[in-house]
1. Among E235, E157, E169, E202, which is modelled with pLDDT of 95 or more, open to solvent by 30 Å² or more (accessible area, probe 1.4 Å) and assigned by TED's automatic domain parsing to the domain that holds E128?
2. For A117, which of the numbered conditions (1) of a type in the set (A, V, I, L, M); (2) out of contact with any Pro (no Cβ under 9 Å at 6 or more places or on another chain); (3) within 16 Å of the ligand (Cβ to nearest atom) fails to hold?
3. Checking the condition within 15 Å of the ligand (Cβ to nearest atom) and in a helix (DSSP H, G or I), which residue from S12, S17, S36 passes?
4. Is there any pair linking a residue in the stretch 119-136 that is of a type in the set (S, T, N, Q) to one that is at pLDDT below 95 and away from the ligand (no atom under 12 Å from the Cβ), with Cβ under 9 Å and at least six apart or on different chains, and which?
5. Considering only residues of the stretch 88-109 that are small (G, A, S) and under 24 Å from H249 (Cβ atoms), which is nearest to the ligand (Cβ to nearest atom)?
6. Can you name every residue in the stretch 67-110 that is part of a helix (DSSP H, G or I), without any contact (Cβ under 8 Å) to a residue 40 or more places away in the chain and open to solvent by less than 10 Å² (accessible area, probe 1.4 Å)?
7. Looking at (1) closer than 17 Å to K19 by Cβ; (2) more than 16 Å from the ligand (Cβ to nearest atom), which is the only condition I153 fails?
Amino acid sequence: MRYRNVHLIYFSPTHTSAKIVYAIAEGMGAISMSESDVTREAPDSEEHIDDELTIIAAPVYGGRVAETAAERLRMFRSTYHAPAVPVVLYGNRDYEDALRELCDLVSEQGFVPVAAAAFIGEHSFSREGMPVAEGRPDESDLEQAAAFGRKIIERLEQVSCVESLSALEVRGHFPYREKSPSTPQAPVTDNDACTRCGYCVEVCPTHAISSRDGDLYSDPELCIKCCACVKECPEGARTFDTPYTAMLHKNFSARREPEVFFSRFNPSRVRSSEAETKQR
Ligand SMILES: Cc1cc2nc3c(=O)[nH]c(=O)nc-3n(C[C@H](O)[C@H](O)[C@H](O)COP(=O)(O)O)c2cc1C
């Protein structure tokens, strides 16, 4: 199978998932690329993707696919079983059941996962003085992502249809781990440092930030704690204080490496799909 276009679908408030999908696509040597960035908005209506190799990426929140990402990714369908590459980004703690969940989600939407990966990105809660996976994905991660992309293409070129690949197996359990109960909290603004430029309002994926009497305020009920506003504020006027930062820094500073998974070539499935074609 050869694909002219690679389609990228991602939700990535702090850009680590986006960086990895671009590096994978680059490794694939795509002739053309198209993208659906669902970070700021969900698509208006269901979108169909049918003849393109599709990379689908989301961050891990609490060992699961970030809920807002999952909701938005469910707007994409593939009626004719386009091959897909589910990818999760996690902040060096663990990805638990998130990759399995993303693979299941894209399968339910009609895609066929042909390879999958878990990469590491700087933790959303990483802070100066208490770094967690600071600066990741780094050069080595991006090289590994490109190598992953190259290998996917090499493997797909060896088969004539996705049906000749066996079901993809990845690390993770079903039933997935229970979601932790929601604890509404949001970053705060230092009003002396804030210039009211409004950039935080623009980058917030859930429209949780608004102006109140001239000051910027985050609604804890809408905030998903992604920390896009904290990392992107040009004045460093936004902070999110959580005890998790110190815990993560203390316990999860040892470098973890990306993990990749491929579905295997299955000769018996080639024979049965050839037989089905002959019968038609
Ligand atoms: C609410 C929340 C929960 C998170 N939970 C986890 C987790 O369970 N394990 C982990 O290693 N990282 C976790 N992270 C870190 C993100 O997965 C990581 O920073 C990721 O690279 C962010 O992706 P993005 O840059 O595409 O937004 C969490 C981040 C947030 C905001």
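The values are calculated or read from the model by the stated rules, or taken from the named source; none is laboratory data. Note that this is a predicted model, so its numbers are computed, not measured. Every residue, glycine as well, gets a Cβ built from its backbone with ideal geometry; the counts of neighbours run over all protein chains shown. Note: accessible area is taken over every heavy atom of the protein model, side chains too, but ligands, DNA and RNA are not part of it. Shrake-Rupley method; radii C 1.70, N 1.55, O 1.52, S 1.80 Å.
1. Among E235, E157, E169, E202, only E169 is modelled with pLDDT of 95 or more, open to solvent by 30 Å² or more (accessible area, probe 1.4 Å) and assigned by TED's automatic domain parsing to the domain that holds E128.
2. Unmet for A117, out of (1) of a type in the set (A, V, I, L, M); (2) out of contact with any Pro (no Cβ under 9 Å at 6 or more places or on another chain); (3) within 16 Å of the ligand (Cβ to nearest atom): (2).
3. So the residue among S12, S17, S36 that is within 15 Å of the ligand (Cβ to nearest atom) and in a helix (DSSP H, G or I) is S17.
4. Pairs that qualify, where the first residue is of a type in the set (S, T, N, Q) and the partner is at pLDDT below 95 and away from the ligand (no atom under 12 Å from the Cβ): there are none.
5. G91
6. Once the filter is applied, which keeps residues that are part of a helix (DSSP H, G or I), without any contact (Cβ under 8 Å) to a residue 40 or more places away in the chain and open to solvent by less than 10 Å² (accessible area, probe 1.4 Å), the stretch 67-110 yields only A70.
7. (1)
Every residue, every condition in (1) over 23 Å from T206 (Cα atoms); (2) touching a helix residue (DSSP H, G or I) at 6+ places or on another chain (Cβ under 7 Å), yes or no:
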| residue | (1), (2) |
| --- | --- |
| T16 | no, no |
| E26 | yes, yes |
| P59 | no, yes |
| A69 | no, no |
| C103 | yes, no |
| F111 | yes, no |
